[in-house]
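The values are calculated or read from the model by the stated rules, or taken from the named source; none is laboratory data. These figures come from a predicted structure and were not determined experimentally. Glycine also receives a Cβ, built like all others from the backbone with ideal geometry; neighbour counts cover every protein chain displayed.
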Amino acid sequence: MIEIPVETFIVRLTDPITKGKIESFAKNVMGRGGRVELVTNKGCVISIDNGFADELRALPSVRLLGGVNLRRREVKVTTKVV
């Protein structure tokens with residue numbers, strides 16, 4: 001089995017946003033083995049192999065495609081003695 005480094009990206013599409021533009025972009029994502037997680041009025045959130053990010057950025061309908069880190073971070077707890 002091959003492990004694919006899947007990452008989550010936020011995508012902003014170029015104006016005007018149309019149903020056809022969103023459907024076309026979703027087909028591009030799914031054609032590369034990705035998944036559309038959320039669709040908004042300005043773009044969407046997708047999960048895809050990070051190797052395809054540059055291909056998607058090059059699409060004329062994409063204004064912005066940026067990585068989103070959803071992994072938990074450890075925050076050091078500090079206390080102050082009063």
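Worth pointing out:
- Hey, residue 7 surrounded by 13 or more Cβ atoms within 10 Å (Cβ to Cβ) and at pLDDT below 90 or not: yes
- Of all residues in the stretch 37-82 being over 12 Å from residue 7 (Cβ atoms), surrounded by 10 or more Cβ atoms within 10 Å (Cβ to Cβ) and of a type in the set (Gly, Ala, Ser), the one that is modelled with the lowest pLDDT: 43
- The stretch 11-36: number of residues that are exposed (fewer than 13 other Cβ atoms within 10 Å of the Cβ) and either under 14 Å from residue 65 (Cα atoms) or among the hydrophobic types (A, V, I, L, M, F, W, C) (or both): 0
- Checking each residue in the stretch 40-54 for being touching a residue at least 12 places away in the same chain (Cβ under 8 Å) and within 15 Å of residue 66 (Cα to Cα) picks out 42, 43, 44, 45, 46, 47, 48, 49, 50, 51, 52, 53.
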